[in-house]
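Step one of this worksheet: look at the structure below.
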Amino acid sequence: MNVLILGSGGREHAIGWKIAQSNLLSQLYIAPGNAGTKEVGTNLDLNPTDFPALKETILSKNIELVVVGPEDPLVKGVSDFILNNDELKNTLVIGPEKYAAQLEGSKEFAKEFMYRHNIPTAAYKSFTVKNLEEGYNFLETLKAPYVLKADGLAAGKGVLILNNLAEAKQELKEMLTEQKFGEASSKVVIEEFLTGIELSCFVLTDGKSYVTLPSAKDYKRIGEEDKGLNTGGMGAVSPVPFLSDELMQQIDAKVIKPTINGFQKDNINYVGFVFIGLIYDKGEVKVIEYNCRMGDPETEVVIPRLESDFLELLIAAGKKELAGKTVKFKNESACTVMLVSGGYPEAYEKGKEIFGTETVSESIVFHAGTKEENGKVVTNGGRVIAITSFGEDFKEALKQSYNSIEKICFEKMNYRTDIGFDL
Ligand code: AMP
Ligand code: GLY
C-alpha cells in the first residue's frame, strides 16, 4: 500500500517511522515532512491545505491511504475533500471530516457534545460580543482562577487562566471586541476551573469500534516546574505512572465509550484519532479537551511503544473494520525530551546547523522543525528535535534521553531538564 502522511513535525516523523516498519507498506510519502522523515520515506513539496495539489499527488503517486497529522487541514475539510471526490473516493483517510473535527476546532461544539452525552467536564457558558455583559455577570458568579477559552483554533494560545476578576473581565472584552485571537475569539467559552493532574488518552476509531493506545502526559510550559509560557509541548512520558487499571476502566466507561457512542448517536462519521485531554482529582476524571489528531510530542512516546503493525490498524480503521482488532504495546516506559530553538515560544532564529544526531544510538531521534540545506541539517522551527528513549520506568527512560542529548548541539539549543518532575 502507498501511504501519504500530511504534516512536518515530530508526530509525523514518529508515525512515518512506525509505518515504515510494516510489511504492508509499498511507498511512503510525507508532505511536506522534515529532515528526519526523509530517512523513512520520500518528502513531497506539498502544502496539506492545498487541496487541488493534494488531489494531483494522490492520483500521480497512487496513494491508497492518507494519514492527516495536524488539526488545521482536518478543520479545513481535507477528509471531506478526499472522501467526496469521485476520483479519490477509494482513498482511505485517517482523520475526521470537517464537522467532526469541530471537537477540536470549536470549544463550544466540544462542550455541547460532552453535555449531550453525559461526559464529565467543567461547567461552562459561552459568550459573543452580543452578550458581553452577561459574560461579566457569569464571571462574577465564579471563583478565581477564571478560565477563558477562545472558541476556535488559536495555535494552542487561546486559553487564558486569570487570577483576578477585573483582569478576567478585561481579557474577555479584548477577546470578544478586539478579536485578541482573531476570528477564533469571536466566541469565548468561560469555564469552571478544575484542579488536579493532567493526562491524555488516545484512541483510534472507525466511528463504531475503537482501540485504545498507550496513555501519555506532556509538559507544555517552556520553563522548569511548569512555569512560563505555553508551548506545543516540551516533553512527554508514556505510560502515565499514576494511571492504574482501575482508573483506566473509569476513563473507558465514563469517557471513551460515551464518546464513541456519541459519534453514532449524532451520526458523526469519525475515522481517525481522538486525543482526550483529562484532569484527574480525588478519584474522578473530567475531560479538558478533545483533539481530532494525535498529540505532539505525545506521539513520540505512544507510537514507539506499539508492538502491533500500525499500518494494519490504520487500514482497518480506514475501511471501518476495526471491530475485534487489538493492540499490543511494550511494557517499558518511553519518554521524550524536546530540543527547542532559543527564544521559543517567542521569537527565535532558524537555520542553525544541528550537530551530533548521527552519534545517538541509545535513543530515537525524531525530527520536528528541521530541514536539509546544502547537505546540512539545520533548524527550521521552534521545536526542533524530540529525543525518545525506553526504560524500565520513566526515570530510566528520561536518564537515557538526557544522556543522548549531551551528544547533540545547535546554537542557542534549549530544553527542559525536569520532564516528569511531578510524577
Ligand atoms: P485546552 O486547550 O482546552 O487543553 O487548555 C489548555 C490548558 O489549559 C490545559 O492543558 C490545562 O492545563 C488548562 N485548562 C484548560 N481548561 C481548564 C480548566 N477548566 N481548569 C483548569 N485548567 C484548565
Ligand atoms: N502536546 C499537545 C498537543 O499536541 O496538543
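Laboratory data are not the source of any read-out in this text; all were calculated from the coordinates shown. Keep in mind the model is a prediction, meaning the values are calculated, not measured. Note: ideal-geometry Cβ built from the backbone for every residue, glycine included; neighbour counts use all protein chains shown.
Pick from 335, 292: which is buried (at least 23 other Cβ atoms within 10 Å of the Cβ) and either among the polar types (S, T, N, Q) or away from ligand 1 (no atom under 16 Å from the Cβ) (or both)? Steps first, answer last, please.
Working: 292 fails: either among the polar types (S, T, N, Q) or away from ligand 1 (no atom under 16 Å from the Cβ) (or both).
From the options 335, 292, the qualifying one is 335.
Can we say residue 245 is away from ligand 2 (no atom under 16 Å from the Cβ), acidic (Asp, Glu), free of Cβ contacts under 8 Å to residues at least 40 places away in the same chain and at negative phi? Break it down stepwise before answering.
Values: away from ligand 2 (no atom under 16 Å from the Cβ): yes; acidic (Asp, Glu): yes; free of Cβ contacts under 8 Å to residues at least 40 places away in the same chain: yes; at negative phi: yes.
So residue 245 fits the description; yes.
For region 67-94, enumerate the residues that are in contact (Cβ under 8 Å) with a residue 12 or more places away in the chain and either part of a loop (DSSP other than H, G, I, E, B) or touching a His at 6+ places or on another chain (Cβ under 7 Å) (or both).
Those that are in contact (Cβ under 8 Å) with a residue 12 or more places away in the chain and either part of a loop (DSSP other than H, G, I, E, B) or touching a His at 6+ places or on another chain (Cβ under 7 Å) (or both): 69, 70, 76, 77, 85, 87, 88, 90, 91.
Can you list the strands (runs of 3 or more DSSP E) lying wholly within region 272-346 that have 1 or more residues being under 19 Å from residue 104 (Cβ atoms) and more than 16 Å from ligand 2 (Cβ to nearest atom)? Explain how you work it out, then say what you get.
Numbers: elements: 272-281, 284-291, 333-341.
Ranges flagged: 284-291.
Out of all the residues in region 38-53, which are among the basic types (Lys, Arg) and farther than 16 Å from residue 27 by Cα?
none
Kindly provide the set of residues from region 208-237 that are away from ligand 2 (no atom under 16 Å from the Cβ) and buried (at least 20 other Cβ atoms within 10 Å of the Cβ), ordered by number.
Selection gives 210 alone.
How many residues, within region 47-60, are under 20 Å from residue 17 (Cβ atoms) and surrounded by fewer than 22 Cβ atoms within 10 Å (Cβ to Cβ)?
Filtering region 47-60 down to residues under 20 Å from residue 17 (Cβ atoms) leaves 48.
Keeping just the survivors that are surrounded by fewer than 22 Cβ atoms within 10 Å (Cβ to Cβ) gives none.
Final tally of qualifying residues: 0.
Kindly indicate the residue of region 347-356 that is part of a loop (DSSP other than H, G, I, E, B) and touching a residue at least 40 places away in the same chain (Cβ under 8 Å) and also nearest to the chain's Cα centre (by Cα) among those meeting that condition.
Per the criteria, the residue is 348.
Exactly one of (1) among the acidic types (Asp, Glu); (2) more than 30 Å from residue 307 (Cβ to Cβ); (3) within 14 Å of ligand 2 (Cβ to nearest atom) is unmet by residue 192. Its number?
That leaves (3) as the condition not met.
Out of all the residues in region 386-397, is one or more within 21 Å of the chain's Cα centre (by Cα) and without any contact (Cβ under 8 Å) to a residue 60 or more places away in the chain?
Yes: region 386-397 contains one or more residues that are within 21 Å of the chain's Cα centre (by Cα) and without any contact (Cβ under 8 Å) to a residue 60 or more places away in the chain.
Limited to region 152-173, what total is found for residues that are more than 11 Å from ligand 1 (Cβ to nearest atom) and closer than 30 Å to residue 98 by Cβ?
Residues flagged as more than 11 Å from ligand 1 (Cβ to nearest atom) and closer than 30 Å to residue 98 by Cβ within region 152-173 amount to 3.
Specify which of the listed residues (104, 64, 97, 108) is within 16 Å of ligand 2 (Cβ to nearest atom), touching a residue at least 40 places away in the same chain (Cβ under 8 Å) and not small (Gly, Ala, Ser). Step through it out loud before you land on a result.
On the way: 64 fails: within 16 Å of ligand 2 (Cβ to nearest atom); 97 fails: within 16 Å of ligand 2 (Cβ to nearest atom); 108 fails: within 16 Å of ligand 2 (Cβ to nearest atom).
Result: 104 is the single residue among 104, 64, 97, 108 that is within 16 Å of ligand 2 (Cβ to nearest atom), touching a residue at least 40 places away in the same chain (Cβ under 8 Å) and not small (Gly, Ala, Ser).
If residue 362 satisfies every condition in (1) within 20 Å of residue 217 (Cα to Cα); (2) assigned to a loop (DSSP other than H, G, I, E, B); (3) not small (Gly, Ala, Ser) but one, which is the exception?
Status for residue 362: all satisfied but (1).
Failed condition for residue 401, given (1) part of a helix (DSSP H, G or I); (2) surrounded by fewer than 21 Cβ atoms within 10 Å (Cβ to Cβ), with all others met?
(2)
Given the residues 260, 279, 268, 256, which is the only one that is more than 15 Å from the chain's Cα centre (by Cα), in contact (Cβ under 8 Å) with a residue 40 or more places away in the chain and within 13 Å of ligand 1 (Cβ to nearest atom)?
After applying the criteria, what remains is 279.
Which number in (1) more than 16 Å from ligand 2 (Cβ to nearest atom); (2) in contact with a helix residue (DSSP H, G or I) (Cβ under 6 Å, 6 or more places away or on another chain) marks the one condition that residue 150 misses?
Here residue 150 meets the rest and fails (1).
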